[in-house]
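**Q** First, the structure itself, so that you have it in front of you.
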Amino acid sequence: MSSIDPTKQCLHKAEISYCNNTNTFCYRVTADDRPNEPLEHSSLSGVWSKIAKRVNTTREQKGMNLLCTNVSGPKLFGLTQKNIQAQLQALKS
């Protein structure tokens with residue numbers, strides 16, 4: 001869902017990277033309609049919560065009903081898909 005026009009759908013690019021300065025993973029989501037405004041967080045669900053809050057801010061400004069901000073980061077990143085899990089397991093060997 002777009003955070004610019006909540007009546008329209010929007011693709012989001014989800015990225016996972018390793019942050020050398022903190023020895024942790026970093027999670028980033030970039031909306032197609034906001035390519036220069038990626039959101040980042042140290043947790044999977046945290047970054048998607050930021051997306052949901054950004055959408056709700058626009059919805060509130062337009063007098064629309066708000067959406068639930070309780071999200072599953074692993075699911076939205078695709079990490080609950082069996083084929084993705086198998087590919088990740090293959091990386092370990």
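**Q** What is the total of Lys pairs in the chain with C-alpha atoms under 24 Å apart, excluding same-chain pairs fewer than 8 positions apart?
**A** Eligible lysine pairs with Cα atoms under 24 Å apart amount to 14.
**Q** Continuing with the same structure: In which sequence would CYS68, CYS26 go, from the one with the fewest C-beta neighbours within 10 Å to the one with the most?
**A** On the way: CYS68 7, CYS26 16.
Result, fewest neighbours first: CYS68, CYS26.
**Q** If you don't mind, another one. Translational D (Stokes-Einstein, µm²/s) of the chain at 25 °C and 0.890 mPa s when Rh comes from the Kirkwood sum over C-alpha pairs?
**A** Diffusion coefficient, whole number: 171 µm²/s.
Quick note: the coordinates plus some simple rules give every number you see, no bench work behind them. Keep in mind that what you see is a predicted model, and the values were worked out from it rather than measured. In this analysis, Cβ positions are derived from the backbone assuming ideal geometry, glycine residues included, and neighbour counts consider all displayed protein chains.
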